[in-house]
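Step one of this worksheet: look at the structure below.
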Amino acid sequence: MTLTEHCPLRNRNTFGIEAQADCFAEYNSIEELQDFLHQRKESGNTSPLFHIGGGSNILFLSDFQGTILHSGIKDITVTANEGDDVYIRVGAGVIWDDWVQYAVDSHWYGLENLSLIPGEVGASAVQNIGAYGSEAKDFILFVDAVDLQSGEIRHFTAEECQYAYRHSIFKSELRDRYAVTHVHFKLSHSFRPHLDYGGLRAALTAKGIEEYNLTSEQLRSTIIEIRRNKLPDPEVLGNAGSFFMNPIVPKATFEHITENYPSVPHYDVDTDHVKIPAGWMIEQCGWKGKSFGKAGVYEKQALVLVNLGDATGKDINGLCESIQADVEAKFGIKIVPEVNFIGSIA
Ligand code: EPU
């Protein structure tokens, strides 16, 4: 267990926000985490605990008065092979894209469309990360987690995780209650690519790649190119990927919008609901490429808010609220952040 008192957090969140935690605790095994929780209990320490992954989906509004936990559990183990299926248990501290690369190199198929998503494996199971028509939940069978109150290990089935679009039980009723230690994935020995997400087939064709002889390496590298073209590199421009979720609205709301905007992009969710890209609405409000102090809206993708240099959590939050107000005034839809806010504005 590595404990760092008064830990600076700027390099631990991809927004690059300056903040500090009273303590940062990194554990390398389940036993280390359980010992830490036990000692805390014995000493009567009731200060807040917050578990972090790669810091790619959080916004620090203030310093964190408590302990931030981080997993250093990085084992990858094949637990079974059954016909076409391969079952793999992956430590929460493995960097997500290292895991995707490992799977592609091992000829285990399924995760290619989720290439280059920032963050770690534990957070993938909390956030249900997704891109290009795939979501983490499509491949997750079980999640192992430690109860931060009792130290007990619990296994959650995918059903118990209550997965939905960018959602799981770990973001709602069990928020801040469990530390994910391992995620169990089911991948395939056969390559069955999903190319139906708008733009993906066109990108492959533009590279001269035919679907019939497409390889998983080619699909992965194409996804990486698309993402690099559209999304800012946090090393260069602080950001947390999509800042807002795409709202799911009743069909009547969508039809009302089409009266003024006949070509509004959308995805059907079910017979009564439609998902509308928040980035499109933000662009229609004139925010794309604009800034608000040191916080900006990325010029190539309006769903991404960026730190133009030394922005505070308060600056980003101010931009967020202005955008929310404009989108609501124009479209009557309240867009909700996907990013998790930590701390509070004094
Ligand atoms: N659009 C605009 N203007 C913009 C941005 C988007 O008009 O500034 C339009 C696009 O033209 C397109 C539609 O909105 O018609 C959708 O855009 P895009 O395909 O870029 O995807 P998105 O809906 O904005 C979602 C995910 C991304 C994921 C992409 C690709 C969410 C919140 N975001 O974005 O995930 O990479 O689809 O699958 O669902 C992330 O979560 O951090 C993330 C990057």
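A few notes on this one:
- The set of residues in the stretch 83-100 that are assigned to a loop (DSSP other than H, G, I, E, B) and touching a Gly at 6+ places or on another chain (Cβ under 7 Å) comprises Ala92, Gly93.
- Once the stretch 109-144 is narrowed to residues that are of a type in the set (S, T, N, Q) and within 9 Å of the ligand (Cβ to nearest atom), the residue that is surrounded by the fewest Cβ atoms within 10 Å (Cβ to Cβ) is Ser134.
- Subset of the stretch 69-84 [within 28 Å of the chain's Cα centre (by Cα) and either under 16 Å from Ala179 (Cβ atoms) or not aliphatic (A, V, I, L, M) (or both)]: Leu69, His70, Ser71, Gly72, Ile73, Lys74, Asp75, Thr77, Thr79
- On the stretch given as the stretch 114-133, residues that are closer than 13 Å to Ala179 by Cα and of a type in the set (Ser, Thr, Tyr) total 1.
- Residues of the stretch 190-219 that are in a loop (DSSP other than H, G, I, E, B) and either among the hydrophobic types (A, V, I, L, M, F, W, C) or surrounded by fewer than 13 Cβ atoms within 10 Å (Cβ to Cβ) (or both): Ser190, Phe191, Arg192, Leu195, Asp196, Gly198, Gly199, Lys207, Gly208, Ile209, Glu210, Leu214.
- Complete set of residues in the stretch 188-203 that are of a type in the set (A, V, I, L, M, F, W, C) and in contact with a helix residue (DSSP H, G or I) (Cβ under 6 Å, 6 or more places away or on another chain): Phe191, Leu195, Ala203
- Strands (runs of 3 or more DSSP E) contained in the stretch 232-334 and holding at least 1 residues within 13 Å of the ligand (Cβ to nearest atom), crowded, with 20+ Cβ neighbours inside 10 Å and at positive phi: 238-242
- The one condition from (1) free of Cβ contacts under 8 Å to residues at least 40 places away in the same chain; (2) under 21 Å from Trp108 (Cβ atoms); (3) β-branched (Val, Ile, Thr) that Ile224 does not meet is (1).
- All positions within the stretch 43-57 that are buried (at least 19 other Cβ atoms within 10 Å of the Cβ) and closer than 22 Å to Gln149 by Cβ: Leu49, His51, Ile52, Gly53
- Matching residues in the stretch 114-126 - criterion: being in contact with a Lys or Arg (Cβ under 9 Å, 6 or more places away or on another chain) and farther than 17 Å from Lys171 by Cβ: Ser115, Leu116
- Of Val90, Val100, all but one fail to be of a type in the set (Val, Ile, Thr), within 16 Å of the ligand (Cβ to nearest atom), modelled with pLDDT of 95 or more and touching a helix residue (DSSP H, G or I) at 6+ places or on another chain (Cβ under 8 Å); the exception is Val100.
- Residues of the stretch 22-64 satisfying the condition of being within 15 Å of Ile342 (Cα to Cα), outside any loop (DSSP other than H, G, I, E, B) and in contact (Cβ under 8 Å) with a residue 60 or more places away in the chain: Leu49, Phe50, His51, Ile58, Leu59, Phe60, Phe64
The values are calculated or read from the model by the stated rules, or taken from the named source; none is laboratory data. The structure presented is a predicted model; accordingly, all values stated were derived computationally and were not measured. Don't worry about glycine lacking a Cβ; one is built from the backbone with ideal geometry, like all the others, and counts go over all protein chains shown.
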